[in-house]
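Novice: Sharing a structure below in structure tokens format, with a few things to ask.
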Amino acid sequence: MQKKCSLIITTYNWPEALELSVRSVFTQTVMPSEIIIADDGSRTATKDLVEKLRKESPIPIKHAWHEDKGFRLSAIRNLAMAQAEEPYIIQIDGDIILHPRFIDDHLHMAEPGYFVTGSRVMLSQELSKKILDKHDASYSEIIMGSKNLFNHLHSRTLSRFLSRRYKTSRKNMYYVKGCNMAFWKKDILQVNGYDETFVGWGREDSEIAIRLMNCGIKKKFLKMGGIEYHIFHPESKRDREAENTRMLQASIDEMKMRCEVGIDQYLDK
């Protein structure tokens with residue numbers, strides 16, 4: 001039986017990058033059942049783009065939006081996940097261009113009792129500007145302008161081999177990339193989704209991984225598969241990094257399994 005998934009794409013006031021990201025979904029060898037744009041308070045240009053892309057899309061596109069009250073990535077991911085109709089959820093960011101087999105690779109790796117995280121290939125500033133200016137990203141062009149070339153290699157056999165072996169040391173136990181993760185929705189509901197007390201940049205993805213693992217959900221690392229290309233942009237402000245790191249450590253120390261302010265507030269009662 002063909003596995004199905006919902007794809008969540010987070011965004012904030014960068015419709016040019018979001019359009020490239022969504023169009024890379026349209027070229028997938030295996031399509032998600034739906035796309036959910038998780039919009040952290042963008043202005044109307046993003047809404048207009050979503051309406052435009054809906055008319056072209058072979059699958060439904062939903063637009064989960066909340067008011068701009070600062071960096072609230074955890075909250076908008078929860079809102080989007082609550083709307084997901086499929087049992088498996090893949091999440092990326094809106095500055096990501098997908099390898100044509102990205103969804104196929106993730107669905108191949110999906111297994112009950114596991115969540116999955118992957119990595120990304122960084123595009124240069126020059127290439128990023130070029131593809132944004134022309135509103136198109138050819139695959140050959142991306143390959144030529146990629147950094148982290150090891151992250152670009154694709155092998156289904158090696159991917160399976162590495163999935164339970166890559167980044168498994170104690171140092172990397174909680175290493176994840178929120179821009180390339182996948183979960184069973186029932187596991188997300190068990191831990192109550194992302195902790196919305198995490199605001200500002202950082203650590204919310206590692207913290208949800210901690211709670212999943214504390215509930216017995218194991219981590220797989222998707223290497224040499226689930227490849228994605230990150231459009232260059234300046235780093236976000238990290239003024240909350242120290243506090244978010246403190247909260248992350250508290251979840252480790254307390255063996256936390258469920259957050260108090262999470263996805264349950266968006267579910268039908």
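Novice: For region 129-139, which positions are modelled with pLDDT of 85 or more and either surrounded by 13 or more Cβ atoms within 10 Å (Cβ to Cβ) or closer than 18 Å to residue 98 by Cβ (or both)? Quick ask: steps written out before the conclusion?
Specialist: Keep residues of region 129-139 that are modelled with pLDDT of 85 or more, which gives 129-135.
Across region 129-139, the qualifying residues are 129, 130, 131, 132, 135.
Novice: So, one more: Please work out if residue 264 is open to solvent by 30 Å² or more (accessible area, probe 1.4 Å), among the acidic types (Asp, Glu) and part of a loop (DSSP other than H, G, I, E, B).
Specialist: no
Novice: Further question on the same structure: Given the options 174, 166, 114, name the one that is hydroxyl-bearing (Ser, Thr, Tyr) and either closer than 11 Å to residue 228 by Cα or out of contact with any strand residue (DSSP E or B) (no Cβ under 8 Å at 6 or more places or on another chain) (or both). Quick ask: steps written out before the conclusion?
Specialist: On the way: 166 fails: either closer than 11 Å to residue 228 by Cα or out of contact with any strand residue (DSSP E or B) (no Cβ under 8 Å at 6 or more places or on another chain) (or both); 114 fails: either closer than 11 Å to residue 228 by Cα or out of contact with any strand residue (DSSP E or B) (no Cβ under 8 Å at 6 or more places or on another chain) (or both).
Step by step, each of 174, 166, 114 is checked, and only 174 is hydroxyl-bearing (Ser, Thr, Tyr) and either closer than 11 Å to residue 228 by Cα or out of contact with any strand residue (DSSP E or B) (no Cβ under 8 Å at 6 or more places or on another chain) (or both).
Novice: Now for a different question. Would you confirm whether or not region 140-159 contains a residue that is in a strand (DSSP E or B), at pLDDT below 95 and not aromatic (Phe, Trp, Tyr)? Break it down stepwise before answering.
Specialist: Going through region 140-159, the residues in a strand (DSSP E or B) turn out to be 146.
If we keep only those that are at pLDDT below 95 too, we end up with 146.
Restricting the remaining residues to those that are not aromatic (Phe, Trp, Tyr) gives 146.
Checked against the condition, which is being in a strand (DSSP E or B), at pLDDT below 95 and not aromatic (Phe, Trp, Tyr), region 140-159 yields at least one hit.
Novice: Follow-up question, since we're still on this one. Report, by residue number, each residue of region 25-45 that is in a helix (DSSP H, G or I) and surrounded by fewer than 22 Cβ atoms within 10 Å (Cβ to Cβ).
Specialist: Taking region 25-45 and keeping what is in a helix (DSSP H, G or I), we get 25-26, 44-45.
26, 44, 45 - these are the residues of region 25-45 that are in a helix (DSSP H, G or I) and surrounded by fewer than 22 Cβ atoms within 10 Å (Cβ to Cβ).
Novice: Looking at (1) under 22 Å from residue 27 (Cα atoms); (2) surrounded by 14 or more Cβ atoms within 10 Å (Cβ to Cβ), can you tell me which one residue 194 breaks?
Specialist: Among (1) under 22 Å from residue 27 (Cα atoms); (2) surrounded by 14 or more Cβ atoms within 10 Å (Cβ to Cβ), the lone unmet condition for residue 194 is (1).
Novice: Is it the case that region 208-223 has a residue that's in a loop (DSSP other than H, G, I, E, B), over 15 Å from residue 92 (Cα atoms), within 16 Å of the chain's Cα centre (by Cα) and in contact (Cβ under 8 Å) with a residue 12 or more places away in the chain? Please lay out each step first, then the result.
Specialist: Residues of region 208-223 in a loop (DSSP other than H, G, I, E, B): 215-217, 223.
Imposing the further condition that a residue be over 15 Å from residue 92 (Cα atoms) reduces the set to 215-217, 223.
Still in the list and also within 16 Å of the chain's Cα centre (by Cα): 223.
In the following step, the residues that additionally are in contact (Cβ under 8 Å) with a residue 12 or more places away in the chain were identified as 223.
Yes; the residues of region 208-223 include at least one that is in a loop (DSSP other than H, G, I, E, B), over 15 Å from residue 92 (Cα atoms), within 16 Å of the chain's Cα centre (by Cα) and in contact (Cβ under 8 Å) with a residue 12 or more places away in the chain.
Novice: List the number of the failed condition for residue 169; all other conditions in (1) among the small types (Gly, Ala, Ser); (2) in contact (Cβ under 8 Å) with a residue 12 or more places away in the chain; (3) open to solvent by 30 Å² or more (accessible area, probe 1.4 Å) hold.
Specialist: Among (1) among the small types (Gly, Ala, Ser); (2) in contact (Cβ under 8 Å) with a residue 12 or more places away in the chain; (3) open to solvent by 30 Å² or more (accessible area, probe 1.4 Å), residue 169 violates only (2).
Novice: What number of residues within region 110-128 are part of a strand (DSSP E or B) and open to solvent by 10 Å² or more (accessible area, probe 1.4 Å)? Outline the logic, then answer.
Specialist: If we filter region 110-128 for residues that are part of a strand (DSSP E or B), which is where we start, we get 114-118, 121-123.
Subsequent filtering for residues that are open to solvent by 10 Å² or more (accessible area, probe 1.4 Å) retains 114, 122.
Residues in region 110-128 being part of a strand (DSSP E or B) and open to solvent by 10 Å² or more (accessible area, probe 1.4 Å): 2 in total.
Novice: While we're on this one: Can you name the number of the only condition in (1) open to solvent by 60 Å² or more (accessible area, probe 1.4 Å); (2) out of contact with any Leu (no Cβ under 8 Å at 6 or more places or on another chain) that residue 107 fails?
Specialist: The single condition residue 107 does not satisfy is (1).
Novice: Name the residue, out of 258, 246, that is modelled with pLDDT of 95 or more and either crowded, with 20+ Cβ neighbours inside 10 Å or charged (D, E, K, R) (or both).
Specialist: Working: 246 fails: modelled with pLDDT of 95 or more.
Residue meeting the stated conditions: 258.
Novice: Just name the residue that is surrounded by the fewest Cβ atoms within 10 Å (Cβ to Cβ) out of those in region 204-237 that are farther than 24 Å from residue 163 by Cβ and among the charged types (D, E, K, R).
Specialist: Here is the first cut: in region 204-237, the residues farther than 24 Å from residue 163 by Cβ are 231-237.
Add one more test, that the residue is among the charged types (D, E, K, R), and what stays is 235, 237.
Working: 235: 6, 237: 10.
Once the filter is applied, the top-ranked residue is 235.
Novice: If a residue must be open to solvent by less than 10 Å² (accessible area, probe 1.4 Å) and in a helix (DSSP H, G or I), how many such residues does region 86-104 contain?
Specialist: Residues flagged as open to solvent by less than 10 Å² (accessible area, probe 1.4 Å) and in a helix (DSSP H, G or I) within region 86-104 amount to 2.
Novice: Residue check: is residue 193 at pLDDT 85 or above and at positive phi?
Specialist: On the way: at pLDDT 85 or above: yes; at positive phi: yes.
Considered against the rule, which asks whether it is at pLDDT 85 or above and at positive phi, residue 193 comes out as yes.
Novice: Let me ask another. When residue 179 is evaluated against the numbered criteria (1) surrounded by 17 or more Cβ atoms within 10 Å (Cβ to Cβ); (2) more than 28 Å from residue 69 (Cβ to Cβ), which criterion, by number, is the only one it fails?
Specialist: The number of the failed condition is (2).
Novice: Then there's this: If you go through region 229-242 one residue at a time, do you hit one that is in contact with a helix residue (DSSP H, G or I) (Cβ under 6 Å, 6 or more places away or on another chain) and β-branched (Val, Ile, Thr)?
Specialist: In the first step, residues of region 229-242 are kept if they are in contact with a helix residue (DSSP H, G or I) (Cβ under 6 Å, 6 or more places away or on another chain); the result is 229, 231-232.
Next cut, β-branched (Val, Ile, Thr) only: 231.
Yes.
Novice: Also, I was wondering about something else. Yes or no: residue 143 crowded, with 23+ Cβ neighbours inside 10 Å, on the phi < 0 side of the Ramachandran plot and either in contact (Cβ under 8 Å) with a residue 12 or more places away in the chain or out of contact with any strand residue (DSSP E or B) (no Cβ under 7 Å at 6 or more places or on another chain) (or both)?
Specialist: Numbers: crowded, with 23+ Cβ neighbours inside 10 Å: no; on the phi < 0 side of the Ramachandran plot: yes; either in contact (Cβ under 8 Å) with a residue 12 or more places away in the chain or out of contact with any strand residue (DSSP E or B) (no Cβ under 7 Å at 6 or more places or on another chain) (or both): yes.
No: the conditions fail for residue 143.
Novice: Looking for something open to solvent by 40 Å² or more (accessible area, probe 1.4 Å) and aliphatic (A, V, I, L, M) - is there at least one such residue anywhere in region 7-21?
Specialist: There is no residue in region 7-21 that is open to solvent by 40 Å² or more (accessible area, probe 1.4 Å) and aliphatic (A, V, I, L, M).
The values are calculated or read from the model by the stated rules, or taken from the named source; none is laboratory data. Everything quoted here is computed from the prediction, not taken from an experiment. A quick note on method: Cβ atoms are made from the backbone with ideal geometry, for glycine too, and the neighbour counts reach across all protein chains shown. Please note that ligands, DNA and RNA were not included when accessible areas were found on the heavy atoms of the full protein model with its side chains. Shrake-Rupley method; radii C 1.70, N 1.55, O 1.52, S 1.80 Å.
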